Amino acid sequence: MNVGFAVAASVLVGLGAIIHLYIFVLESIRWSRPSTWRTFGVGSQADADTVKPMAFNQGFYNLFLAIGVAVGIVLFWAGMPEAGAALIFLAAGSMVGAALVLIASSPKLARPALIQGLAPLLGIVSLVIALTTA
């Protein structure tokens, strides 16, 4: 295993987890604040109230992905690299997949898609390199 790339992968997917944790806070905890729902392009309090249950649920998806990455990183470095890598690939891969769905469904949301998907993607690439090189 290439330790340098493994460290880089951990940092990058960890950053992805932090971003998704922040999205959880916005969607599930701070959604009622106008500054938050405007960040997501919601134009009125009535619209924010209508989509609040969906945002709350979606926030928890982001939290679970962040937890998956965090547990994967811990397992990877705690002597269970196969289990850790599997969790990292699943959780970070889901982050990348969600970013691809976002940009495919609405190209004008390319910036948010890049914010949520680039670090996990680079982390996955780094982890593949780490696991396939010495």
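The values are calculated or read from the model by the stated rules, or taken from the named source; none is laboratory data. This structure is a prediction, so every number in the text was calculated from the model and none was measured. Please note: Cβ atoms are built from the backbone with ideal geometry, for glycine as well, and neighbour counts cover all protein chains shown.
Across the stretch 1-35, what is the total count of residues that are hydroxyl-bearing (Ser, Thr, Tyr) and within 18 Å of the chain's Cα centre (by Cα)? Before you say what the answer is, go through the steps one by one.
At the first step, the residues of the stretch 1-35 found to be hydroxyl-bearing (Ser, Thr, Tyr) are 10, 22, 28, 32, 35.
Going one step further and asking which of them are within 18 Å of the chain's Cα centre (by Cα), we end up with 10, 22, 28.
Residues meeting the conditions: 3.
When you go through 118, 75 one by one, which is the residue that is in a helix (DSSP H, G or I) and surrounded by fewer than 18 Cβ atoms within 10 Å (Cβ to Cβ)?
118
Answer yes if at least one residue in the stretch 51-68 is part of a helix (DSSP H, G or I) and in contact with a Leu (Cβ under 6 Å, 6 or more places away or on another chain), and no otherwise.
Yes, the stretch 51-68 contains a residue that is part of a helix (DSSP H, G or I) and in contact with a Leu (Cβ under 6 Å, 6 or more places away or on another chain).
Please find, within the stretch 27-37, the residue that is nearest to residue 109 (Cα to Cα) out of those that are assigned to a helix (DSSP H, G or I) and hydrophobic (A, V, I, L, M, F, W, C). Outline the logic, then answer.
So the first thing to find is which residues in the stretch 27-37 are assigned to a helix (DSSP H, G or I), and the list is 27-29, 34-37.
Still in the running and hydrophobic (A, V, I, L, M, F, W, C): 29, 37.
Numbers: 29: 22, 37: 15 Å.
Among residues in the stretch 27-37 that are assigned to a helix (DSSP H, G or I) and hydrophobic (A, V, I, L, M, F, W, C), the one nearest to residue 109 (Cα to Cα) is 37.
Which condition from (1) assigned to a helix (DSSP H, G or I); (2) of a type outside the set (Phe, Trp, Tyr); (3) surrounded by fewer than 21 Cβ atoms within 10 Å (Cβ to Cβ) is the one that residue 134 breaks?
Condition (1) is where residue 134 drops out.
Would you call residue 134 modelled with pLDDT under 95 and within 15 Å of residue 1 (Cα to Cα)? Break it down stepwise before answering.
Working: modelled with pLDDT under 95: yes; within 15 Å of residue 1 (Cα to Cα): yes.
Judged against the criteria, residue 134 is a match.
Could you grab me the full set of residues in the stretch 82-104 that are surrounded by fewer than 18 Cβ atoms within 10 Å (Cβ to Cβ) and farther than 18 Å from residue 20 by Cβ?
82, 83, 86, 104, listed by residue number.
Tally time: how many residues in the stretch 38-50 are within 17 Å of residue 115 (Cα to Cα) and part of a loop (DSSP other than H, G, I, E, B)?
Selection size over the stretch 38-50: 2.
For the stretch 58-90, give me the residue count where each residue is under 15 Å from the mean Cα position of the chain (by Cα) and without any contact (Cβ under 8 Å) to a residue 60 or more places away in the chain.
Taking the stretch 58-90 as the starting set, the residues that turn out to be under 15 Å from the mean Cα position of the chain (by Cα) are 58-73, 87-90.
In the following step, the residues that additionally are without any contact (Cβ under 8 Å) to a residue 60 or more places away in the chain were identified as 58-72, 87, 89-90.
Number of matching residues: 18.
Looking only at the stretch 1-26, which residues are within 14 Å of residue 132 (Cα to Cα), in a helix (DSSP H, G or I) and among the aliphatic types (A, V, I, L, M)?
Pass one, the stretch 1-26, residues within 14 Å of residue 132 (Cα to Cα): 1-6, 9.
Now narrow it down to the ones that are in a helix (DSSP H, G or I): 3-6, 9.
Of everything in the stretch 1-26, those that are within 14 Å of residue 132 (Cα to Cα), in a helix (DSSP H, G or I) and among the aliphatic types (A, V, I, L, M) turn out to be 3, 6, 9.
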